[in-house]
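The values are calculated or read from the model by the stated rules, or taken from the named source; none is laboratory data. Owing to the predicted nature of the structure, the values given are computational and were not obtained by experimental measurement. Don't worry about glycine lacking a Cβ; one is built from the backbone with ideal geometry, like all the others, and counts go over all protein chains shown.
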Amino acid sequence: MEEQVFTISVYTENNPGLLNRIATIFLKRHINIESLNVSRSEIENVHRFTIVARMTETNVKKLVGQIEKQIEVIKAYYHTDDEIIFHETALYKMASNLLFEQREIQNVIKNSSANIVTVHPDFFVIEKTGRRKDTEALHDQLAPYGIMQFVRSGRISISKTEMKISEKLKNF
Amino acid sequence: MEHAIPENKTTETISGAEAVVRSLLEEGANLAYGYPGGAIMPIYDELYKYQDQLNHVLTRHEQGAIHAAQGFARVSGKVGVCLATSGPGATNLVTGIADAQIDSTPLVCITGQVASHLLGTDAFQETDVISISAPVTKWNVQVTKAEEIPAAIAKAFYIAKSGRPGPVLIDITKDAQLGQLEYNYEKCTGVRSYEPIPKTSEEAVKAAAELINSAKKPFVIFGQGVILGQAEAAFKAFVEKSGAPAAWTVLGLSALPTDHPLNVGMVGMHGHYGPNKLTNECDVLIAVGMRFDDRVTGSLHTYAKQAKVVHFEIDPAEVDKNVKANVAVLGDCKTSLEMLLPYIDTNNHDAWHNEFKKYHEEELKVIEPQLKPTKEGLTMGEVINQVNKETNGNAVVVSDVGQHQMFTVRYANFTMTRSNVTSGGLGTMGFALPAAIGAKMGAPEREVVAFIGDGGYQMTCQELGTILQTGAAVKIVVLNNEFLGMVRQWQQLFFDKRYASTTMINPDFIKLAEAYDIKAAKVVKREDLAAAVKEMIASKESYFLEVMIEKEDNVFPMVPTGACVSEVRLS
């Protein structure tokens, strides 16, 4: 079976030890976590891990089983890219003088639908939200001008189908 | 979850340390194993005050404490409790925690921790035991406030014993032990994110029954799930009605009596010849409370490929993990098997049973030479068989890890469930002596015999001190071949007899036992064996018996690592 990218969504109780437990499940099987995001979820006091990793579907099933086995994990799901709406956000810190001395950089920003989030006398910060290839393309376009700092968030995703967490919690 | 305090209940102000002891008592734990130290002293101070209600057994090492708690839990079905201090005390528990996790043994481990204001400062005896134990605990938690103690202990017991059991660890900072709280104990009845027992589906049960009824060559493999789920009677009824031959995994041993006509022996690396061969000939493989460990299956690519697989399993993560199930029946196997029984056709499968008899050459080539040896050197099998004769198979049999363990599970007889205590999944040498002490305390009225190799014995033989102090009447049989026998066997078979670091120069074990005031005897010649075993079993007190064994004997049959189960060899 072929390896592919899966987005694993894990709904959990708020327990600081869980990140460690979940990471260990990947580590033990030698699976690299490509991105990881932790946030609140639509339900009060329920946290949501969004983990991106590459593996076969057979293995992702087993992995999700192991994650769900953790006492404070409420439910875990896995999805392929076409089953979800997903984004990453990237920030690019650039020197402010570029805005005036290299006018074409303004077109790069405009054409990529990126936003300038702040401008300081010395630097300005561009924010771009989208797919990996979009933030990557902007990175490549800005690189020749000199990127002072670059950072990209983990993937966040929303599934097209329902995940029915509230129902599960109600049944308890 | 917030619980309102019922009106008729009053609270009282006590220390966190006292709350630990009171909470243990609320959970019915009146026996704990442990070892004191700085960060857990307030709890020990309370144990002193409550010593008439809670018996604390001082072991000689924290590893001894946790293995004793495991032995206790395995024979009694109750939760084993052990205590240790922070730092080295906690890390010394880790082997036992991992052992309990892989063998699904319910344990509550309580560790002391440095005061919360010192956490993260690399304080004296500070270790991050929560991180260290996370991968090998079913659940763990650090408590830094006295008022959190009762709820943490209640949750710990609930999680340890419910569903597929396992070890939990509570790490309690010293300030939480010393702090005061309004004490009120509420047992835990549920955790919203945790479903201990998945609901058994009627459809799955029917589908399972249909497959089983259609089988011409059904073959049952049962594991510890039958014991943990208290499903022995339901299981026996199922095999008797279906007429299916049933083989056990190492941990399933004793769930069905040895002499039951449908009990065909053990599967796996050193399992019996017929069951291994016929795994690859059965048409329906019925796995009950077992997890297809690699020591059971050998190569998965060639494992039971011809068979439809029915898997009765409490842990959804085990389904399809190693072997794909055609029908998975989730749930506790007592419930599942009871639901299944009415749908099962009565059968006897005589022709299929005769297939097992075709593999009788194991009897001639392997079993007879073990039990009725013609060579001069004593065999492990004949020693175990001699113990069978004296105990009539009614003893709790504890084994360590290695050749003697495989001989023990192959040759020991069992009439009662919860009688086989061994480190199956983790293979922890040094397990048996402390586990036997715990087993004796878990079943004081029963004979407890521990078979231990000369290697493993020396890993935890300091626990003779625990026997000296408690008077635990365990019978210790050291099967001494002056080798780390299992590794030596592999060196012989797969490494051209290069016996790297497997020869043992041993101390005088008799003197060692006598130093701890334990009666001891040594057998070197066959003619002395029967009398020595008789004397050992007759003893009301602990007893140490050393038997010198043929040095280079091997355990057979054997499925070499990674080979197919049907490639099982007899020599």
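Here are the numbers for the structure shown:
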| read-out | value |
| --- | --- |
| Strands (runs of 3 or more DSSP E) wholly inside segment B:1-117 containing at least 1 residues that are under 16 Å from the mean Cα position of the chain (by Cα), more than 30 Å from B:GLN458 (Cβ to Cβ) and in the same structural domain as B:GLN224 (by TED's automatic domain parsing) | none |
| B:THR408 vs. criteria in contact with a Ser or Thr (Cβ under 7 Å, 6 or more places away or on another chain), outside any helix (DSSP H, G or I) and at pLDDT 95 or above | no |
| Residue within segment B:532-549 that is closer than 20 Å to B:VAL487 by Cβ and outside any strand (DSSP E or B) present | yes |
| Helices (runs of 4 or more DSSP H) enclosed by segment B:291-365 - at least 3 residues per element that are closer than 19 Å to B:PHE238 by Cβ | B:333-340, B:350-357 |
| Of all residues making up segment B:546-565, the number that are surrounded by 17 or more Cβ atoms within 10 Å (Cβ to Cβ) and more than 23 Å from B:THR503 (Cβ to Cβ) | 4 |
| First in segment A:68-79 and within 11 Å of chain B (Cβ to nearest Cβ), second anywhere and of a type in the set (Phe, Trp, Tyr), Cβ under 6 Å, 6 or more apart | A:ILE71/B:TRP139; A:ILE71/B:TYR194; A:ILE74/A:TYR11; A:LYS75/A:TYR11 |
| Whichever residue in segment B:119-153 is part of a loop (DSSP other than H, G, I, E, B) and of a type in the set (Ser, Thr, Tyr) and, among such residues, is nearest to the other protein chains (Cβ to nearest Cβ) | B:THR137 |
| Count - residues of segment A:38-60 that are crowded, with 18+ Cβ neighbours inside 10 Å and part of a strand (DSSP E or B) | 8 |
| Filter result (closer than 14 Å to B:VAL108 by Cβ and either assigned to a loop (DSSP other than H, G, I, E, B) or touching a strand residue (DSSP E or B) at 6+ places or on another chain (Cβ under 6 Å) (or both)) within segment B:159-168 | B:ILE159, B:ALA160, B:SER162, B:PRO165, B:GLY166, B:PRO167, B:VAL168 |
| Residue within segment B:111-128 that is of a type in the set (Ser, Thr, Tyr), in contact with a Leu (Cβ under 9 Å, 6 or more places away or on another chain) and in contact (Cβ under 8 Å) with a residue 60 or more places away in the chain present | yes |
| Qualifying residue in segment B:333-346 (condition: over 30 Å from the mean Cα position of the chain (by Cα), more than 15 Å from B:ILE286 (Cβ to Cβ) and either within 14 Å of chain A (Cβ to nearest Cβ) or touching a residue at least 24 places away in the same chain (Cβ under 8 Å) (or both)) | yes |
| Test set (1) more than 16 Å from B:TYR194 (Cα to Cα); (2) assigned to a helix (DSSP H, G or I); (3) of a type in the set (Gly, Ala, Ser) - A:SER35 fails condition number | (2) |
| Segments classed as strands (runs of 3 or more DSSP E), wholly inside segment B:169-279, with at least 3 members that are within 14 Å of chain A (Cβ to nearest Cβ) | none |
| Set B:GLN458, B:GLN491, B:GLN462: member being of a type in the set (S, T, N, Q), modelled with pLDDT of 95 or more and within 20 Å of B:GLY377 (Cβ to Cβ) | B:GLN491 |
| Conditions (1) of a type outside the set (Phe, Trp, Tyr); (2) modelled with pLDDT under 95; (3) not in a loop (DSSP other than H, G, I, E, B); number of the one not met by B:GLU368 | (2) |
| In segment B:482-505, the residues that are touching a helix residue (DSSP H, G or I) at 6+ places or on another chain (Cβ under 7 Å) and either surrounded by 16 or more Cβ atoms within 10 Å (Cβ to Cβ) or closer than 14 Å to B:GLU550 by Cα (or both) | B:GLU482, B:LEU484, B:GLY485, B:MET486, B:GLN489, B:THR502, B:MET504 |
| Filtered residues of segment B:402-438 (kept if farther than 24 Å from B:THR137 by Cβ and of a type in the set (Ser, Thr, Tyr)) | B:THR408, B:TYR411, B:THR415, B:THR417, B:SER419 |
| Evaluation of B:VAL239 against (1) closer than 25 Å to B:VAL555 by Cβ; (2) touching a strand residue (DSSP E or B) at 6+ places or on another chain (Cβ under 8 Å); (3) buried (at least 23 other Cβ atoms within 10 Å of the Cβ) (one fails), failing number | (1) |
| Qualifying residue in segment B:228-241 (condition: within 17 Å of B:VAL310 (Cα to Cα) and within 16 Å of the chain's Cα centre (by Cα)) | no |
| Only one of A:TYR92, A:TYR11 that is more than 14 Å from every other protein chain (Cβ to nearest Cβ) and aromatic (Phe, Trp, Tyr) | A:TYR92 |
| Filter result for B:LYS440 (within 16 Å of the chain's Cα centre (by Cα), of a type in the set (D, E, K, R) and part of a helix (DSSP H, G or I)) | yes |
| Residue identified as of a type in the set (Phe, Trp, Tyr) and under 16 Å from the mean Cα position of the chain (by Cα) among B:PHE414, B:PHE407 | B:PHE414 |
| Count - residues of segment B:302-332 that are more than 14 Å from chain A (Cβ to nearest Cβ), of a type outside the set (Gly, Ala, Ser) and touching a residue at least 40 places away in the same chain (Cβ under 8 Å) | 9 |
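Listed here are the residues, each with its yes/no results for (1) in contact with a Pro (Cβ under 7 Å, 6 or more places away or on another chain); (2) loosely packed, with under 13 Cβ neighbours inside 10 Å; (3) among the hydrophobic types (A, V, I, L, M, F, W, C).
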residue: B:VAL329; (1), (2), (3): no, no, yes
residue: B:LEU337; (1), (2), (3): no, no, yes
residue: B:ASP350; (1), (2), (3): no, yes, no
residue: B:HIS353; (1), (2), (3): yes, no, no
residue: B:TYR359; (1), (2), (3): no, no, no
residue: B:GLU362; (1), (2), (3): yes, no, no
residue: B:ILE367; (1), (2), (3): no, no, yes
